[in-house]
Amino acid sequence: MSQLRRRGIALEMSILSSINLVVIAAASTAIVKLVPYNMVQQEKLNVLQTQVESLDHRVNALRQDFGRSFDPQRSLVNHRELGNRVAPGQRLVRFVDPQPERSPELARPADPSPSNR
């Protein structure tokens, strides 16, 4: 009986070992296939994190501008900045680039009618 029992234990151990080898092979194959996918996902995540950081800066700037736009103490200044209105008692001054002087050829108007000769 002891020899029969040893054979049973040996058979059980060999079956368990072969099952473990199959599981190890399947896990190794899955890891080999998932590593490139993981790398691609990491690259996409880095791109998204960069975009989120840039959008955070933009959102913060817009929040500051929003707060400035709705500040009741700055409303008069905001109206002046956004429109062409001037407070009573003030004058609007606009700086304009001077136009360059025209050469005499350009200053003459062209004769629109063809000459009859």
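The values are calculated or read from the model by the stated rules, or taken from the named source; none is laboratory data. Just so we're clear, the structure is a prediction, and the values are computed from it rather than from any experiment. Neighbour counts are summed over all protein chains in view; Cβ atoms, including those assigned to glycine, are modelled from backbone coordinates with ideal geometry.
Residue by residue through region 21-70, note down the ones that are within 30 Å of Gly83 (Cα to Cα) and acidic (Asp, Glu).
Correct list: Asp56, Asp65.
Let's see how each residue does on (1) modelled with pLDDT under 95; (2) polar (S, T, N, Q); (3) surrounded by 10 or more Cβ atoms within 10 Å (Cβ to Cβ):
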residue: Leu16; (1), (2), (3): no, no, yes
residue: Asn20; (1), (2), (3): no, yes, yes
residue: Ala27; (1), (2), (3): no, no, yes
residue: Val59; (1), (2), (3): yes, no, yes
residue: Arg68; (1), (2), (3): yes, no, yes
residue: Gln73; (1), (2), (3): yes, yes, no
residue: Asn78; (1), (2), (3): yes, yes, yes
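Only residues that are of a type in the set (S, T, N, Q) and surrounded by 10 or more Cβ atoms within 10 Å (Cβ to Cβ): list them for region 1-14, please.
Of everything in region 1-14, just one residue is of a type in the set (S, T, N, Q) and surrounded by 10 or more Cβ atoms within 10 Å (Cβ to Cβ), namely Ser14.
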